[in-house]
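Structure first, then comments.
No value in this document is a laboratory result; all are computed from the given coordinates. The structure presented is a predicted model; accordingly, all values stated were derived computationally and were not measured. Cβ placement follows ideal geometry from the backbone for every residue including glycine, while neighbour counts extend to all protein chains displayed.
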Amino acid sequence: MMGMQSGQKELFNYSVDLDRRVRADHPLRRIAERIDFTFVRQQVKGFYGYNGNVSEDPAVIMKMMFLLFYDDVASERELMRIIAERLDYLWFLGYGLDDTIPDHSVLSKARKRWGVAVFEALFTGIVGQCVAAGLVDGKKLHVDASLIEANASKDSVLNGSPQWIAALKRVYEATASKLEDTSTPDSRVAVNDTRLSATDPDAGLTRIGSGPSRPRYHHHRAVDNAHGVITALETTSGTIAENQRLMGLVEQHAQNTGTAAETVVADSKYGTAENYVACQQQQITTHMGDVLAKQTNNPRRQGIFPDTAFTYEPATQTYRCPAGQTMTPRRLHPRRRTWEYHTARGVCAACALRAQCTRASYGRTIRRHEHQELLDRAREQAHSPAARRDRRRRMHLMEGSFADAANNHHFKRSHWRRLWRQQIQDYLIATIQNVKILLKSLHPRPATVTALIPIPCRSACTRIASCVIRMGHIGASVIGRNSSGLLPQHA
């Protein structure tokens, strides 16, 4: 007979067991087994007193912030609203059905009290577990960066003189970026010297392609080659150039994994002379794209002798130009660390090969790095077949890592404001991604068994299917029958 569910609410229920309600293979069960969130109690005990109101358990607060990005919850208020509705959240946090869920403000207060170091410790601890599980090789490192939209609109940007903006930054206590870390030349006033977001003064105004400048942060990431584990990261203002953070990521990778990188893979943005030389000095193979190759292929230099047409004389430390003239060193550039070579006054003007050599009125200049031998070796490695293969794999690893963070964990836009909060967000997201890789290795999906179709029956089905398609009628009942009109055993 037909049943009907009663809508009568039970007044009392003493038999609800959340441990039985959450399935055995639930992802949060596996996370609880692998991550000991109670470590945070020892980390933050110095921030709490011995008298007064009792705070929420720091381990529970850390779990809440973990859930915020694990399931890409829209806001902390929304998280607190849905915790009471989800039995798996209640079980993961250790709450009962009748327990009071705290206010969302406990999360913001805890972040302000704890600082960044606690979340960095969580990240490095998970990296250590990945190393112990054999998921990190450590020898080959892929590096890239991505821009993150700050939690500030374009309307919050203030325009003014460099002196006025500098004064505002001091008032807002904005994080100052060093001149050598930016990509703006010394001789030009940077855009961020005359503009500042009043909503988030730490976020630098950055342009993507031909789009408008917006307040953004720059997320720099290093990923291990073996399984895509994130081993190092750094968050800076959007104005900080990608190539300036390479060696910092390499050093952080060695500290977090206990293994020094032997090969670094990156795109041409990182392939600067400074990075090439720094890697070679540490015996690191450079499989990075060559930014000089793009400059050499510049259409404006077509028909002009390349630098390789000039012969270097090590004994005299001079160059011999294609016309046989001697080029002597003039000065060492203080920032680029390159020597400039030129001919004597009037030599280039009277040269018969001038039209093929230079279009400059002062003649041809050759630049040679003070560590040119290391630079040549690095560029040779960068143009090798192995480097090209690694850069193709880098596209898969790095783009996949950023895509997973953006699609599933709220990576492309800041949840909060100011640089230190953005660093917390990036540490949490990277931790979650590494946890997923760790759980995937410990609990692999069962292999799918595909039944093999017998050869005679497969060919019969193929003939019938192709015939039906040509007739313009797709019928599963017709395609599934063999020539005898009966369903085959594998159907």
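From Cα pairs below 8 angstrom and at least 6 apart in sequence, can you work out the relative contact order of region 294-379, rounded to a whole percent?
Relative contact order comes out at 22 percent.
Compute the projected area of the convex hull of the Cα atoms of region 86-126, averaged over all viewing directions, and report it in nm² to one decimal place.
3.9
Compare the Cα positions of 46, 80, 27 along the charge dipole of region 18-114 (+1 at Cβ of Lys, Arg; -1 at Cβ of Asp, Glu; about the Cα centre) and return the one farthest towards the positive end.
Of 46, 80, 27, it is 46.
Counting alpha carbon pairs within less than 8 Å and at least 6 residues apart, what relative contact order, in whole percent, applies to region 18-114?
36
Which net charge results for the neighbourhood of residue 147, defined as the other residues with beta-carbon distances under 11 angstrom from its beta-carbon, given Lys and Arg at +1 and Asp and Glu at -1?
Summing Lys and Arg as +1 and Asp and Glu as -1 gives +3.
Would you please name the GluC sites (Glu not before Pro) within region 98-173 that are DSSP coil residues with at most 10 other C-beta atoms within 10 Å of their C-beta?
Hits after loop and neighbour filter: 173.
How big is the Rg/Rh ratio for region 18-114, C-alpha atoms only, Rh by Kirkwood, two decimals?
Radius of gyration over Kirkwood radius for region 18-114 works out to 0.96.
Starting with the highest mean, order 100-106, 17-23 by the number of other Cβ atoms within 10 Å, averaged over the residues of each peptide.
100-106, 17-23
Specify whether the C-alpha gyration tensor of region 294-379 places it in the rounded, prolate or oblate class, a ≥ b ≥ c being the square roots of the eigenvalues: rounded for a/c under 1.5, otherwise prolate if a/b is larger than b/c and oblate if not.
Oblate, because a/c is 1.5 or more while a/b does not exceed b/c.
Just need log10 I(q)/I(0) for region 43-85 at q = 0.19, 0.21, 0.28, 0.31 Å⁻¹, Debye formula, equal scatterers on the alpha-carbon atoms, no solvent, rounded to two decimals.
Evaluating at q = 0.19, 0.21, 0.28, 0.31 Å⁻¹ gives log10 I(q)/I(0) of -0.67, -0.75, -0.98, -1.10.
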